[in-house]
Amino acid sequence: MKLDNVFKKRKIEQEELGSEQAASEGPKIPAGLLKKCNHCKAAIIAEDVKRDYYVCPKCGEYFHVPARVRLAMTVDEGTFEEWDPVMEPVNPMEYKGYPEKVAALQEKTGLNEAVITGKGSIDGQKTAIGICDGRFLMASMGYNVGEKITRMVERASEERLPVIIFCCSGGARMQEGIVSLMQMAKTSAALKRHSDAGLLYISVLTDPTTGGVTASFAMLGDIILAEPKALIGFAGPRVIEQTMKQKLPKGFQRSEFLLEHGFVDEIVERPKMKEALASYLRMHSEEARQKETIIDINAAPVQEKMCEERKLSAWDRVLLSRQNDRPVGTDYIELLFTDFRELHGDRQFGDDGAIVGGVAMFHGRPVTVIVQEKGKTTKENIARGFGMPKPEGYRKALRLMKQAEKFHRPVFCIVDTPGAFCGMEAEERGQGEAIARNLWELSSLKVPVLTVVTGEGGSGGALALAVADEVWMLENATYSILSPEGFASILWKDAKKADEAAKAMKLTAGDVLKSGVIERVIPEPEELTRETLSEVTMIMEPAMEAFMQRYENMSEEELVNHRYSRFRGM
Amino acid sequence: MKKILIANRGEIAVRIIRACREMGIRTVAVFSEADRNALHAELADEAICIGPAPSDKSYLDMESILSAAFVSGADAIHPGFGFLSENSRFVSLCEQCNITFIGPPAEIIDRLGDKQAARNTMMAAGVPVIPGTRQAILDTKTGAEEAAKIGYPVMIKAALGGGGKGMRSAFGPEEFEHQFLTAQREALKAFGDGTMYIEKLIQKPRHIEVQILADKYGNVVHLGERDCSIQRNHQKLIEESPGVGISDELRTKMGETAVRAARAAGYVNAGTIEFLLDKSGEFYFMEMNTRIQVEHPVTEWVTGVDLVKEQIRVAAGEKLAFSQEDILIKGHAIECRINAENPDKGFMPCPGTITALHLPGGKGIRIDSAMYSGCEIPPYYDSMIAKLIVWGKTRDEAIRKMKSALDEVIIEGVCTNVDYQYDILDHPDFAAGKTDIEFIERFSREEQ
């Protein structure tokens, strides 16, 4: 049965009802109570939007945030001290109507210019902070915006404060012509000096960040964060579409696209932004770096069973090192470090899943961690390229090593790779060059570097993370010039003789230790899985602490010479 | 009040629309995309779609409902039960939009919704409450000390709890810590808050609630009690009025206490005060429900008062047309909730299409339902599809009538609990009035 106008609904006369309601004028929605989301078109309660970080409660779309609101979301209450609140308006080209437009916007937004700058605390961490406001001529960068940012950066360098800039901009300010263009150079130059002084700059990209701002301060962060789905690009999508006469794909130039292409370290949801910034500031603070260690490395002498005790053939060990349920790189991060924050991308081409790197804390001190990651499930294996890094993976690792050097953090690497990725695209992007560059740079990196081979130590793909002060291996890890299969096939023209090859290659931890290429073998439990991994990390942790204490106090020169001589003798 | 929007669905929406029609008030139904062909949408004078099937995108979407009220020019909203009926934020939005909310004002909902605040209000008004902690308990140690003071057995309850979540009993100090931590963990998971209270566990009590009506001029009357002890996992199954073995004296005492409670809260409109009644005849305030309830028809039948119409009249500013002396309890009414669920599969909801339908009728039989032959029971909402209410001169006659009526119910296309309900009514303990809130637990064990 379908109900469609089946009921008669004849009108029944209304009974007497309260006089109070007689004067009712019907429903009235007060102005400002409801808003409409431009994305999902739904009606939303305005105060909900304000309460929930300017995010649509219905569809999760991000709305633009006025600079003062952003400031309140980010900086601890009562800690903000504004710098250069009033700037004299300029009109270098004497562009008609420009001063009037600026005056009108000042009136409307209550802002003096498109950026506010100053100093404040984020969860107790002092920082200089600049926040762009898109309501002011699309936060385009004219003289005053460039000048305020430059002054802020200079003052931060002087006061040895980190800098955070929430970017958002349509680009250069057309009304100021060539003067506007020069702001790109001016701000970049100030940030270079800031960086050369060993100071941190975090740039946060919000919707939209385009043009001359992208091509200057927005892309120069030591750490680049982005809000989800923000439009970020140099040329705007409309300009590209018109020039190229083609339709751009969905998601083009959005934060996620930039992350995939290696230009963004991390996408952070707005409600978690303050927490993320605080955590980065904490890991880069001088106090964190100079923290005295209180761990007694001699506290727990661990019984180490050497590998010879177990009668396993070299080939058995090769198979064990490749076993499916063997712990992967990120498992070690989870057990050995705290506060890990993954930093993505090589800032050139892409973000390689086979390498996971970032900053973390080890016994209260900030460190850089870089691991080769195979993934745990088939789906993850594919996303991680089965632990075979591409050139962009090595370039990401290098970027993070250089970052560690700048901030004086030790570097811990985990090697577990069948070898560098082998394929056309890897050659096109210079796989050989990428590996070579890592060897060259690592050889003189001015911070301690420790590498642990936990599974397969496959050739140059492994070495690119292993030009270290010390290299350790797990009992059943392997480290070799080539896979046994490859070795057998090249020398004996028969890949099936891999087991024989394994023996001949002297690739087990015990063999490699004897050859003097590594310093230490870490024993494994009977069956090494994620469940038993803590038995290994319990040995690694104090040993790593001892490593830190051995190398931490070496001068940069001593350190580099030590590493040089380590390889010079091989 | 000329036009009322009903912010609900199913049988309660139909029930309210009928009351409005009888009063000559125009009605606006709101419906989700899954309820396009629902009876309430067809029966109302106007119907407005307010969003997709999931209730958080339709029947709980305050903005859509307010927009619908605005577009249709409704001057009042009846929230029914569930959904937004006890949402003080929605009530205050209605107030801001010059829409009369048919129910109590926002601040009263807030006052009674906060369990500890409600308890304090009641204690101040001399309404008996279950002995227990006044302060929030966050750790086991303090909890165990408090429990010892109160005396075992005790009930551990989440401050923000409901529906049995974050609730555990402890019969002695040896099991206190385990039970406390389990309850707290559950509470943290369900409500994001681990604040707990501890109170005396009343063993095998009955759930007796008193219906009250209050107008805006301070007149409060009670309409007798309902016995809702037949509950499965805190979901009521059968309700009756009056309660078995409740003497006129006890009724008067509980009723007067309920009126005092309502006055203490400054209550306006229809509301229910829930009590636990123990074997010795002592009763304790549990909570106040600030809405019309599912089981309101049993009260309507024994008192002759149309509660929904009274809600509308009170909201329109009318004075109550009767006083306490006018309320006389006559006969006995029982309600069975008929749910689309499968008792053989752990009462799993059973949505689907009603392919054939026959519902009982005759003297002393009332059906409140939004079902019709061919209608869809969507999977998104509560599984209650009908309420069967009977009236008899005595409880015995009412039980016979209910059993006879249940046998006449034919609902094809979905599984229902009709036979399960019959078995409860057929149980000698039910017939003898030996019921308490653990009845169903015992009954289920016997069934197995």
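The values are calculated or read from the model by the stated rules, or taken from the named source; none is laboratory data. Just so it is clear, the structure is predicted and the values come from calculations on it, not from any experiment. Glycine gets a Cβ as well: all are built from the backbone with ideal geometry, and neighbour counts include every protein chain shown.
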- Query: Yes or no: B:A34 among the small types (G, A, S), at pLDDT 95 or above, out of contact with any Ser or Thr (no Cβ under 7 Å at 6 or more places or on another chain) and outside the structural domain of B:P351 (by TED's automatic domain parsing)?
  - Reply: yes
- Taking region B:216-257 on its own, how many of its residues are among the small types (G, A, S) and part of a strand (DSSP E or B)? 3
- Of the residues that make up region A:443-451, is at least one more than 27 Å from A:E552 (Cα to Cα), touching a residue at least 12 places away in the same chain (Cβ under 8 Å), in contact with a helix residue (DSSP H, G or I) (Cβ under 7 Å, 6 or more places away or on another chain) and surrounded by 24 or more Cβ atoms within 10 Å (Cβ to Cβ)? no
- Single match in A:A434, A:A383, A:A397, A:A404 (criterion: more than 23 Å from A:L559 (Cα to Cα) and modelled with pLDDT of 95 or more): A:A434
- Query: Restricting attention to region A:117-132, does a residue exist that is part of a helix (DSSP H, G or I), surrounded by fewer than 18 Cβ atoms within 10 Å (Cβ to Cβ) and touching a helix residue (DSSP H, G or I) at 6+ places or on another chain (Cβ under 7 Å)?
  - Reply: no
- Over region B:100-120, the set of residues free of Cβ contacts under 8 Å to residues at least 60 places away in the same chain and closer than 27 Å to A:P30 by Cα is B:A106, B:E107, B:D110
- Message: Here are the criteria: (1) touching a residue at least 12 places away in the same chain (Cβ under 8 Å); (2) away from chain A (no Cβ under 14 Å). Tell me which single one B:T355 does not satisfy.
- Response: (2)
- Message: Considering only residues that are touching a Lys or Arg at 6+ places or on another chain (Cβ under 9 Å) and surrounded by fewer than 22 Cβ atoms within 10 Å (Cβ to Cβ), which ones fall in region B:12-22?
- Response: B:A19, B:R21, B:E22
- Query: For region A:496-570, which fully contained helices (runs of 4 or more DSSP H) count at least 2 residues that are more than 20 Å from A:D416 (Cβ to Cβ) and within 29 Å of the chain's Cα centre (by Cα)?
  - Reply: A:533-552, A:556-568
- Hits in region A:139-173 (condition: modelled with pLDDT under 95 and hydrophobic (A, V, I, L, M, F, W, C)): A:A172
- Item | Options B:L213, B:L237, B:L223; residue that is of a type outside the set (S, T, N, Q) and out of contact with any helix residue (DSSP H, G or I) (no Cβ under 6 Å at 6 or more places or on another chain) | B:L237
- Query: Which fully enclosed helices (runs of 4 or more DSSP H) of region A:167-264 have 1 or more residues being in contact (Cβ under 8 Å) with a residue 40 or more places away in the chain and under 22 Å from A:D346 (Cβ atoms)?
  - Reply: A:177-196, A:211-214, A:255-260
- Filter region B:341-380 for residues that are in contact with a Gly (Cβ under 7 Å, 6 or more places away or on another chain) and buried (at least 17 other Cβ atoms within 10 Å of the Cβ) and give the result. B:I354, B:G364, B:A370, B:I377
- Message: Pairs needed: first member in region A:138-149, touching a residue at least 24 places away in the same chain (Cβ under 8 Å) and in a helix (DSSP H, G or I); second member anywhere, of a type in the set (V, I, T) and surrounded by fewer than 24 Cβ atoms within 10 Å (Cβ to Cβ); C-beta distance under 7 Å; at least 6 residues apart or different chains.
- Response: A:Y143/A:V90; A:Y143/A:V179; A:N144/A:V90
- Message: Return the residues of region A:40-55 that are touching a Phe, Trp or Tyr at 6+ places or on another chain (Cβ under 8 Å) and at negative phi; say none if nothing qualifies.
- Response: A:V49, A:V55
- Scan B:L112, B:L93 and give me the residue that is within 14 Å of chain A (Cβ to nearest Cβ), under 26 Å from the mean Cα position of the chain (by Cα) and not hydroxyl-bearing (S, T, Y). B:L93
- Among the residues of region B:32-84 satisfying the criterion of being in contact (Cβ under 8 Å) with a residue 60 or more places away in the chain, within 12 Å of another protein chain (Cβ to nearest Cβ) and among the small types (G, A, S), which is surrounded by the most Cβ atoms within 10 Å (Cβ to Cβ)? B:A74
- Query: For region B:358-375, how many residues are hydroxyl-bearing (S, T, Y) and touching a residue at least 24 places away in the same chain (Cβ under 8 Å)?
  - Reply: 2
- Kindly provide the set of residues from region B:278-332 that are in contact with a Phe, Trp or Tyr (Cβ under 9 Å, 6 or more places away or on another chain), aliphatic (A, V, I, L, M) and within 14 Å of chain A (Cβ to nearest Cβ), ordered by number. B:A315, B:L320
- Message: Given the criteria among the small types (G, A, S) and under 30 Å from B:R251 (Cα atoms), does B:G218 qualify?
- Response: yes
- Message: Against the definition (surrounded by fewer than 17 Cβ atoms within 10 Å (Cβ to Cβ), of a type in the set (S, T, N, Q) and either in contact (Cβ under 8 Å) with a residue 40 or more places away in the chain or within 16 Å of B:G51 (Cβ to Cβ) (or both)), how does A:T74 come out, yes or no?
- Response: no
- Query: So B:A159 fits all but one of (1) assigned to a strand (DSSP E or B); (2) within 14 Å of chain A (Cβ to nearest Cβ); what number is the exception?
  - Reply: (2)
- Could you tell me which numbered condition B:R260 fails, if it satisfies all but one of (1) assigned to a loop (DSSP other than H, G, I, E, B); (2) touching a residue at least 12 places away in the same chain (Cβ under 8 Å); (3) more than 23 Å from B:A333 (Cα to Cα)? (1)
- Residue set A:Q242, A:Q175; condition over 23 Å from the mean Cα position of the chain (by Cα), in the same structural domain as A:V115 (by TED's automatic domain parsing), crowded, with 20+ Cβ neighbours inside 10 Å and more than 24 Å from A:E154 (Cβ to Cβ); output residue A:Q175
- Query: Taking only pairs six or more apart or across chains, which ones have beta-carbon atoms under 7 Å, a first residue in region A:15-44 that is over 20 Å from B:F101 (Cα atoms) and at pLDDT 90 or above, and a second residue that is surrounded by 11 or more Cβ atoms within 10 Å (Cβ to Cβ) and hydroxyl-bearing (S, T, Y)?
  - Reply: none
- Query: Can A:I382 be described as of a type in the set (A, V, I, L, M), out of contact with any Ser or Thr (no Cβ under 7 Å at 6 or more places or on another chain), more than 22 Å from A:C422 (Cα to Cα) and surrounded by fewer than 24 Cβ atoms within 10 Å (Cβ to Cβ)?
  - Reply: no
